[in-house]
Each structure stands twice: as C-alpha cells, then as structure tokens.
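The values are calculated or read from the model by the stated rules, or taken from the named source; none is laboratory data. The model shown is predicted, which means the values in this text are computed figures rather than measured ones. Neighbour counts run over all protein chains shown; Cβ positions are idealised from the backbone, glycine included.
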Amino acid sequence: MANNLGQKIKRLRQDHNLTLKELSSKTDLSTGFLSQLERGLTTVAVDALERIAKALGVDITYFFAFPWKLHGEITRSYEKQLIQYDQGSHFINYLLSGNLEGKQLFPRIVELLPGGKKRKDVNFYSHQGEEFIYVLEGILTLILRDGHHELFPGDSAHFSSEIPHNRVNNTTRKVVLLVVNCPNPFEKTLEQK
C-alpha cells in the first residue's frame, strides 16, 4: 500500500507542478521524508497525510478510493482497508468486505474519535435504505429525529436510513461500531468498473 500511496502523491504533486521542496514548505514535512514516501520506502501518519492532501487540493479519501483490492469471500483482520477518514467529523471507516461486487450489504467498522461535534452542532443526514449499528466499544450517542439515544457496548440500532440521523461521540474515549448499510452505496461504482 505504501508504494501505491507514494505513486498517487507523486502524480498529484507533478500534476500541480510542485517540487518536493514546494510541497515540503506547504506541509511542514521534510523533503527527505516526502521523497521516501513517494518511493514507498516509509509510511505516513494520518495527520501528515491530511496535510499532504490539503496541499494537493484533494480530500484524504482520494488516497484510499477505488479500486479497492478485491480478494474473495474471506477478509482477514490485516486485510481490512481504510476507506474514509474525516478529520473534521473525527471518524474513521474500515471496509470489512474484500468483495463488494454484486453485494447488497456494505459492512464496515467505524471509529468515532473524541472531540467530534457537540449535540447542538450536529447536522442530520438521510439516505436510501436501512442501517444497522452494533456498539463494540465506548458509548455512542445516536441522534434520530425523535431524540438522543445513548448506546453502550452490546447495544444495537436498526432503522430506515431515510430517518434523519447522525452519530456522535460525547466521551473522552474512542467509540467503535460495526455498521452495515443496505443497499451497498458503492454497488453502482463497482458495476461501472
């Protein structure tokens, strides 16, 4: 993965006609580190990758977008892929399926980090289908149109995704969720590959 990530960074940097030195000055990362990263010789922390993405004018999810490696029916713990990191919302999504092609379910692990939005600042969203949430760790505040619900490890929620909703971590610890959506929002993307 490090090599693929480095290639994407190098391609974007060159598309923007930036030298390593110019990218270094925009990100406060050394030119040596950026050079090693582009050659796949080192890994990068999420906060540094966020700075690189911002300097190159893309969302951090660009580096993890399709094509995701499809590897069959079994997904090992080390094969789960980071598919979305949103620093502003303090959440991280990990794909749990190695093959979404032709599948209706979209299973993932969602980590809600401390320091996200407060309840009063939360925007509701809705989408087609249904959603299942199972709390693995921490205390989740699930906000549905009818109010706030505190969910603890072992608790679950299953609702129509068309109900305005959102999730919040109001604690000082990470919240980890198993989330399954149906239908799979990437089904159309996979069909077009």
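The set of residues in the stretch 71-120 being among the β-branched types (V, I, T) and either within 22 Å of K54 (Cα to Cα) or at pLDDT 80 or above (or both) consists of I74, I83, I92, I109, V110.
Considering only residues in the stretch 1-60 that are among the hydroxyl-bearing types (S, T, Y) and at pLDDT 85 or above, the one that is farthest from N93 (Cα to Cα) turns out to be T19. I want to confirm something. Restricting to the stretch 143-158 and keeping residues that are modelled with pLDDT under 95 and of a type in the set (A, V, I, L, M), which single residue is nearest to V176 (Cα to Cα)? Ranking the candidates gives I143 first. Checked against the criterion of being modelled with pLDDT under 90 and surrounded by fewer than 16 Cβ atoms within 10 Å (Cβ to Cβ), the candidates T172, T189 yield just one match: T189.
Criterion applied to L29, L20, L41 was being over 13 Å from A55 (Cβ atoms) and in the same structural domain as D59 (by TED's automatic domain parsing), and the one residue passing it is L41. Checked against the criterion of being over 19 Å from the mean Cα position of the chain (by Cα), of a type in the set (A, V, I, L, M, F, W, C) and more than 16 Å from F91 (Cβ to Cβ), the stretch 144-153 has at least one qualifying residue.
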